[in-house]
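In what follows, a single structure is set out as structure tokens and then discussed.
Values in this text are rule-based calculations from the coordinates and carry no lab data. Small disclaimer: the values here were computed from a predicted structure and weren't measured. Methodologically, a virtual Cβ is constructed for each residue, glycine included, from the backbone with ideal geometry; neighbour enumeration extends over all protein chains shown.
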Protein chains: 4
Amino acid sequence: MNTHPIAVVGASGYTGIELLRLLFAHPHAEIVAITSRSEVGKPLSSVLPRFRHLPGADIPFIAPDIDAIVDSGARTAFLALPHGMAAEYAVPLLERGLKVIDLSADFRLNDAAVYEEFYGHPHPAPQLLGEAVYGMPEIHGDAIKSARLIASPGCYPTSIILPLVPLLREGLIEASSIVVNSMSGVSGAGKKADVSLIFAEVNESLRAYGLPKHRHLSEIEQELSLAAGEKVTITFTPHLVPVTRGIHSTITASLAADFTAVSSCLQKAYGQAGFVRLLGEGQCADTAHVTRTNFVDLGWHHDTRTNRLILTSAEDNLTKGASGQAIQAFNMLHGFSTNDGLMNL
Amino acid sequence: MNTHPIAVVGASGYTGIELLRLLFAHPHAEIVAITSRSEVGKPLSSVLPRFRHLPGADIPFIAPDIDAIVDSGARTAFLALPHGMAAEYAVPLLERGLKVIDLSADFRLNDAAVYEEFYGHPHPAPQLLGEAVYGMPEIHGDAIKSARLIASPGCYPTSIILPLVPLLREGLIEASSIVVNSMSGVSGAGKKADVSLIFAEVNESLRAYGLPKHRHLSEIEQELSLAAGEKVTITFTPHLVPVTRGIHSTITASLAADFTAVSSCLQKAYGQAGFVRLLGEGQCADTAHVTRTNFVDLGWHHDTRTNRLILTSAEDNLTKGASGQAIQAFNMLHGFSTNDGLMNL
Amino acid sequence: MNTHPIAVVGASGYTGIELLRLLFAHPHAEIVAITSRSEVGKPLSSVLPRFRHLPGADIPFIAPDIDAIVDSGARTAFLALPHGMAAEYAVPLLERGLKVIDLSADFRLNDAAVYEEFYGHPHPAPQLLGEAVYGMPEIHGDAIKSARLIASPGCYPTSIILPLVPLLREGLIEASSIVVNSMSGVSGAGKKADVSLIFAEVNESLRAYGLPKHRHLSEIEQELSLAAGEKVTITFTPHLVPVTRGIHSTITASLAADFTAVSSCLQKAYGQAGFVRLLGEGQCADTAHVTRTNFVDLGWHHDTRTNRLILTSAEDNLTKGASGQAIQAFNMLHGFSTNDGLMNL
Amino acid sequence: MNTHPIAVVGASGYTGIELLRLLFAHPHAEIVAITSRSEVGKPLSSVLPRFRHLPGADIPFIAPDIDAIVDSGARTAFLALPHGMAAEYAVPLLERGLKVIDLSADFRLNDAAVYEEFYGHPHPAPQLLGEAVYGMPEIHGDAIKSARLIASPGCYPTSIILPLVPLLREGLIEASSIVVNSMSGVSGAGKKADVSLIFAEVNESLRAYGLPKHRHLSEIEQELSLAAGEKVTITFTPHLVPVTRGIHSTITASLAADFTAVSSCLQKAYGQAGFVRLLGEGQCADTAHVTRTNFVDLGWHHDTRTNRLILTSAEDNLTKGASGQAIQAFNMLHGFSTNDGLMNL
């Protein structure tokens, strides 16, 4: 079977591990290099016991060295690195002829000034921002097919942008009225030693955080503004809740058209989109149905008493919200089938 | 020490158990009767092993019979019964001279027509609606002191009404812009055999429910309208999340005045309120800090980009959201100290 | 690709759902019939929203009718039915020429008297006990290959029998000294409405149950006795803990030989067994590494102070402990590759 | 009311916080000093928001300085410090005339050589070992009443020693046959930044650890040997499970007498012990009934097939397993009522 050699740069964090989980089951992916600064020389299966006995899982970690990555024969590199560090690898890997799919926030914004506003430092490689494609296949599919550098979307943004873009394009809601409340599982905070993330602090805790200007607002508003044809500013409140995986977003907006147009708009936009599941009017999304899958579920209601739309979306933050979506873009980029590697429950 | 004889009618559900937990530690409460249709004759400690060895926990359950309750010597009856059934007990117990604190929804609404709209059947005792006092001590303290029948507020309503009432009274927010998203622990659904509540269905699940017209909207909007001096209609989305206890509400509203007025308004309203803890501007409430207590925590932010207020509140749905608040009203009603029985963490 | 038509009888419980999850990803399985008494006529994807958009998931539930199952063209039937009911289906399906893989306890015991002792009623089809094969591929592989009726092992038994059989065969431990303590996730209790299983009762609860003579002892001791060549009786304490999936067993036994023989014995027995992962001496098994997989992990220690072996095993109760193991046997039965359908993490 | 001035040294970890939670509700305790190296000068309520609005919770943290502690007027110091560090404070505080209740392991062993064997370094103050009293009120009550230095027992040891001591004293079980399996909540590992303790690593994980010679064996075996009148060595396997609080121990041992003697022995030993709840034969302990209380629950079964006793115990690791038991000893030491401060559920 035709396989494509892949490097996963930064393979020991949660998004890296999720990439490996999915790529090992991908019919056209061959993992030829995995990097981790702290695990050099160790076989994957010894660092991540979950992978033991999986064919191929004896591959050793290498240092995140450009030459070594290129020498592995990889033709596409997934970057699962912290924000700010991905650009250091994207630039030389692109120069060496690899395709790069970056899961960090480094190339998601079109505008270096917005990057600096939200991330607090100048963009490390502004010359690439014009070329980078925001890797949401349902929205930017054509651009993805011919991209060199794909900026895979963030977890919260995916759950918010996907349902709102068609509604804004058709002018069905008032852009200025959008209020989003999201809940995220703890894996979204990464695999790191932090007292606020230990079990005894998170269990039986419900809390908002990152108010009022979460970094993800920058990419959310960029994409919503593109769809609306005008600057869109929203209110967004993320919450940390005691689940390992999953993001649930509840989106409220005043209707600017008849409510019946909502269902037909979403049906037209996503009726054929394999990974967007339209639960329909009167239904509520539930993360339990999407964890470990690349699906995003959408349900919606008409609050007739206030004439607002209430839309709920559910996804897995590590799959459709990160690594699954990156592989979905990878499939598009290389002409593989949409479902390849992404149909296991 | 001066003690007051109490009956807990419906003592085997979660709010009933929470009443018992708090009343056993109350310096002025003496539990003289506990009822449960299914546990008649059994000592409390044999039905609820958590209570074993607690002084007084050998008290047996009796049937919920009016004569037996009266004969126990109880002077105040707490009703922890399903909605619709509480009225059957409230009427005769009041006639027999007891004070009644009802934790169901039966007497929370001033208007029998609104009751029928939201609960789907005519009100069973409309003649009492005028007399019943909505038992939120911070809002209706004076009425509580002289009440015969107290309708203790619902769990979601408490977390929403408390922060909004002073802001609406002073006209600081636009009433028509209020959007509330709440998360509730599973104990809020009661102790009942229901597949959708079993651990394997709830764990790792995040979901909205009850859209778009949850029953609690009726009492929320009643109290907000009273505060605003006009009919207030809001959008409210409750969510079920995998914690046992706790409610977290995130309230968003457009500002109608300068944001700085928010802090001073809340400070004025609740600076001396023992159970409302003002975390202050820039702070987020966390249910982990309020579980098993009668506190409700409030934090707030200014979303300057949209000129909205974002306010978060956290409480325990069974304590401040139910049984603790009922005891807080009980203390007021009988002139006990505010903190009596409610200062254990 | 060569596919085999399959019926899943009783497809709406947790083991049935797990069978579907795995079989949809199996390269040689074609699901031609799924039954559920309560969901007749509804498409799978409408009853189990997790399956929406999966190719083939529009298949409707049919009633568990023998003729209808046969008419579907199924050549192998998986029975995911309650204990006692499976025999009613196994007998006629075998008569109609299907292979039967039964996930209930109905055919696990060789001796009808032991069945009656542990299950409290006479065996419904004792004539089949001689023929039924206990479907643990690592132990009864040869018999599985030519079986008509496979009795797939229980969840606890798998985690206990697998590590102990080789040690007993070689006489490395004293059979009379075996003490087993197991912890199980809540899905092991099934998808049923039971107050003791609701989230608020299970969360933050640790408890033993089923003492002192759990039904699973019958099949555990049957297999251990076969291995030891003498009657083996053990002490077994199962515990319910707040996880959805996973079984962990800690096995303690006095050594009857030098401890170093343990590692070589296990290595000889399972060094080539794809789904048994030998973590090695000094390592502890962790269910986090095996959930949703068909792996069982084994680690072991020498308690030199008491000269006991302490062995820990971890598996997913629904996968290696039920549906995954059934598919592993299915692969053997039909000559498919060992790993088919079982290598997704 | 007669109050006793108290210092809590090391008040920001989980056992320190639990001491504060209980002492604030204690009728005879007055907290006059709380120390924390990292929080000096901050009021308790600002560091631990759960304590806000509790009368007295404005007390500021001070540095753990001996003079400052003495100057606070404290007459009893609770030490909630890491093992090895407590001795540094115990010695000078005793010299300055305070009573010391140490929650660390520093003074639990009678024998400095055993300390060094299990803790890996020489004992820091061996001259105090003879005087220190192992602070388990049900076993060493008389010594506690006249002690200067109380070594409060460990969490696992409490759940194991309490049920076994009377059985060993009366020779009802074979000491060499004791096998203990325990499960602990994550708070037992302390409030520390450690990747293995973060929610996403602990949730849905069941694992043994610390095999085969956990440090707590030293104090367990010391007390069991004292009871048996001979050296007792046991096998002990602790497990980490996803709950915040609670320890459950399952104890298995061969009977050396008639099983009926077990119930009468335990009844005789603990029938009047307020905090030991004898669930009785045929009952299983459940941590859900003891969390946040000072109770330890015991149930037991006769495994007639192997003639073993199976005994289950449940406690809260932070309360009866640490801070509650320390306050129970404090009550004894100063002649307060047994239940003071310990009867809130």
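Within the listed set D:Ala74, D:Ala200, D:Ala29, the Gaussian network model of chain D (springs between alpha-carbon atoms below 10 Å) gives the highest mean-square fluctuation for D:Ala200.
Here is how far apart the D:Ala113 label points are across copies: 5.6, 7.9, 9.1 nm, shortest first, using a point 7 Å from Cα toward Cβ.
The angle between the Cα long axis of helix A:86-95 and the main principal axis of chain A comes to about 60°, on a 0 to 90 degree scale.
Relative to the other identical copies, C:Asn307 shows label-point distances of 2.2, 8.5, 8.7 nm, where the label point lies 7 Å from Cα along the Cβ direction and values run shortest first.
By the helix-only formula, in which each DSSP H run with n ≥ 4 contributes -39500 (n - 2.57) and the sum is divided by residues, the protein assembly as shown has a 222 nm mean residue ellipticity of -8500 deg cm²/dmol.
Dipole magnitude for region C:4-131: computed about the Cα centre from +1 point charges on Lys and Arg Cβ and -1 point charges on Asp and Glu Cβ, it is near 580 debye. On a 0 to 90° scale, report how tilted helix C:216-228 is relative to the longest principal axis of chain C, with both axes built from alpha carbons and the result rounded to the nearest 10. In chain C, helix C:216-228 runs at an angle near 60 degrees to the longest axis.
The distance from the alpha carbon centre of region C:1-30 to that of region D:33-90 is 60 Å, rounded to a whole number. Compute the long axis of helix B:14-24 from its Cα atoms, compare it with the longest principal axis of the Cα atoms of chain B, and write down the angle in degrees, 0 to 90, nearest 10. Result, in degrees: 70.
Before anything else, pin down the relative contact order of region D:99-145: Cα pairs under 8 Å, at least 6 apart, normalised by residue count, whole percent. Display every interim value, and only then the final one.
Details: 32 pairs, mean separation 14.1, N = 47.
Averaging sequence separation for qualifying contacts and normalising by length gives 30 percent for region D:99-145.
Each Lys or Arg adds one and each Asp or Glu subtracts one; over the other residues with Cβ under 12 Å from the Cβ of D:Thr237, this totals +2. Looking at region B:155-317, the DSSP beta bridges with both ends there are about 70 percent antiparallel. Dipole magnitude for region A:176-241: computed about the Cα centre from +1 point charges on Lys and Arg Cβ and -1 point charges on Asp and Glu Cβ, it is near 140 debye.
Ordering D:Met136, A:Met85, C:Met332 from the fewest to the most neighbouring beta carbons within 10 Å gives A:Met85, C:Met332, D:Met136. For the rotation that carries chain D onto chain B, the axis lies closest to a Cβ at D:Asn344, 2, where the number is the distance in whole Å.
Just to confirm a number: summing +1 for Lys and Arg and -1 for Asp and Glu over residues other than B:Leu206 whose beta-carbon lies under 13 angstrom from that of B:Leu206, what do you get? Before the final figure, lay out the partial values.
On the way: positive: A:Arg245, B:Arg207; negative: A:Asp286, A:Asp297, A:Glu315, A:Asp316, B:Glu201, B:Glu204.
Surrounding charge for B:Leu206 is -4.
May I ask you to derive the relative contact order of region D:13-93, considering only C-alpha pairs under 8 Å and at least 6 residues apart, and to give it as an integer percent? It comes to 27 percent, rounded to a whole number.
For chain B, what does the relative contact order come out to in percent, with C-alpha contacts under 8 Å and a separation of six or more? Before the final figure, lay out each step's value.
Working: 765 pairs, mean separation 57.8, N = 345.
Across chain B, relative contact order equals 17 percent.
Averaged over peptide A:10-18, the number of partner chain Cβ atoms lying within 10 Å of each residue's Cβ comes to 0. By the count of neighbouring beta-carbon atoms within 10 Å, fewest first, D:His239, B:His83 end up ordered B:His83, D:His239. What separates the Cα centres of region D:128-173 and region B:197-235 is a distance of 52 Å.
Provide the FRET efficiency to the nearest 0.05 for the D:Ser225-C:Arg148 pair, computing r from the beta carbons and using R0 = 51 Å.
Step by step, r from the Cβ atoms, then E = 0.30.
Residues D:Arg148, A:Arg292, B:Arg96, ranked from the fewest to the most other C-beta atoms within 10 Å, line up as B:Arg96, D:Arg148, A:Arg292.
Inter-copy label distances for D:Ser264: 5.3, 7.9, 8.6 nm (label point placed 7 Å from Cα along Cα→Cβ; shortest first).
To the nearest 20 debye, what is the magnitude of the charge dipole of the protein assembly as shown about its Cα centre, counting +1 on the Cβ of each Lys and Arg and -1 on the Cβ of each Asp and Glu?
Working: 100 positive and 136 negative charges, 0 e Å.
In debye, rounded to 20, the protein assembly as shown gives about 0.
Counting DSSP beta bridges with both partners in chain A, what percentage is antiparallel, nearest 5?
Details: 25 of 57 bridges.
Of all bridge pairs located within chain A, approximately 45 percent are antiparallel.
Bridges between two residues of region B:4-131, per DSSP, are antiparallel at a rate of about 5%.
Using the Cβ atoms and a cut-off under 13 Å, what net charge is assigned to the surroundings of C:Ile161, where Lys and Arg are +1 and Asp and Glu are -1? Please list the in-between numbers first.
Values: positive: C:Arg108, C:Arg169, C:Lys320; negative: C:Glu138, C:Glu219, C:Glu221, C:Glu223, C:Glu315.
Once positives and negatives cancel, what remains is -2.
Across peptide A:284-296, how many C-beta atoms of other chains are within 10 Å of each residue C-beta, on average?
Working: counts 8, 4, 9, 5, 12, 7, 3, 4, 5, 4, 1, 5, 0.
Mean number of neighbouring Cβ atoms from other chains: 5.
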